[in-house]
Amino acid sequence: MDVRVAADAEAAAVEAAGWVAFQLRSAVRRRGAATIAVSGGTTPARMFASLASLVVPWESVTVFQVDERVAPAGDPARNLKLLDALPSRGHHRRPMPVNAAHLAAAARRYAAGLPEQFDVVHLGLGDDGHTASWPPGDPVIDAVDKVALSEMYAGFVRMTLTPIVVNAARHRLVLAAGANKARPVRHWLLGDNTLPIQRIRRADTVLVLDTEAASMLAPLR
Ligand code: 6PG
């Protein structure tokens, strides 16, 4: 795994955005199209803002969601709003159908529409070591489907890609910033198997941190 440490959260977002833009351009150059699945939370906003300013052939890019809270359209808790930072022209968007009447059937439909292999999957890291919507101890992490529903977590049921899909991607990016991520980052890299992030395949994965999130790594690097 390629670990990159930037000076602060903004620099980490810029580093991550530059890497994503490069991967999307490469995918379009090689295969004529690119697919990316993006996570939510609070960290990605800076990355999306930076990504919007970079050269990306958006008309050939399809953006999926890694996970989404089951909440009404327009609810501030929805991750989908983060995609509004991306250029409205061009890119194709595949929101998770969390307002469907039958969520399990909707998850199956979303799974049926996934690419065979994502070019990029973007992930965050929770201070409890979760990623995507794989809360610690939630059976969703062992789901055999490509898209599944979590149990209630931090106020919401969530629809999420599962490790099968995330680990099949050509490339993974984990972006984490802030002092509250230092402990889960350290425990992850030390091999703590209780952390859902530990299910991420490390080959072809780039981890971008700011110095605060990397602050407990010094002896490991
Ligand atoms: C979500 C995210 C989740 C997120 C982490 C980190 O829907 O909450 O997809 O996996 O990436 O919880 O969140 P922060 O960036 O807010 O710390």
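Looking at region 63-104, which of its residues are surrounded by fewer than 18 Cβ atoms within 10 Å (Cβ to Cβ), within 18 Å of A34 (Cβ to Cβ) and among the polar types (S, T, N, Q)?
Within region 63-104, just S88 meets the criteria.
Let's see how each residue does on (1) under 17 Å from E15 (Cβ atoms); (2) buried (at least 19 other Cβ atoms within 10 Å of the Cβ); (3) away from the ligand (no atom under 15 Å from the Cβ):
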site	(1), (2), (3)
V147	no, yes, no
R172	yes, yes, no
A179	no, no, no
V206	yes, yes, yes
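Could you list, in sequence order, the residues of region 142-169 that are more than 15 Å from the chain's Cα centre (by Cα) and within 16 Å of Q198 (Cβ to Cβ)?
Matches in region 142-169: D142 only.
Can you tell me which condition A132 does not meet? The list is (1) among the small types (G, A, S); (2) surrounded by fewer than 17 Cβ atoms within 10 Å (Cβ to Cβ); (3) in contact (Cβ under 8 Å) with a residue 60 or more places away in the chain, and all the others hold.
Going through the list (1) among the small types (G, A, S); (2) surrounded by fewer than 17 Cβ atoms within 10 Å (Cβ to Cβ); (3) in contact (Cβ under 8 Å) with a residue 60 or more places away in the chain, A132 breaks only (2).
Of the conditions (1) open to solvent by 20 Å² or more (accessible area, probe 1.4 Å); (2) hydroxyl-bearing (S, T, Y); (3) in contact (Cβ under 8 Å) with a residue 60 or more places away in the chain, S39 satisfies every one except a single condition; which number is it?
(1)
Output yes when any residue across region 62-83 is at pLDDT 95 or above, within 24 Å of E116 (Cα to Cα), more than 16 Å from the ligand (Cβ to nearest atom) and touching a helix residue (DSSP H, G or I) at 6+ places or on another chain (Cβ under 9 Å), and no when none is.
Looking for residues that are at pLDDT 95 or above, within 24 Å of E116 (Cα to Cα), more than 16 Å from the ligand (Cβ to nearest atom) and touching a helix residue (DSSP H, G or I) at 6+ places or on another chain (Cβ under 9 Å), one finds none in region 62-83, hence no.
Which of (1) within 15 Å of the ligand (Cβ to nearest atom); (2) crowded, with 17+ Cβ neighbours inside 10 Å; (3) not basic (K, R) does H187 not meet, given it meets every other one?
With (1) within 15 Å of the ligand (Cβ to nearest atom); (2) crowded, with 17+ Cβ neighbours inside 10 Å; (3) not basic (K, R) applied to H187, the lone miss is (1).
The values are calculated or read from the model by the stated rules, or taken from the named source; none is laboratory data. Because the structure is a prediction, the values reported are computed rather than measured. Please note: Cβ atoms are built from the backbone with ideal geometry, for glycine as well, and neighbour counts cover all protein chains shown. Only protein heavy atoms, including side chains, enter the accessible area calculation; ligands, DNA and RNA are left aside. Shrake-Rupley method; radii C 1.70, N 1.55, O 1.52, S 1.80 Å.
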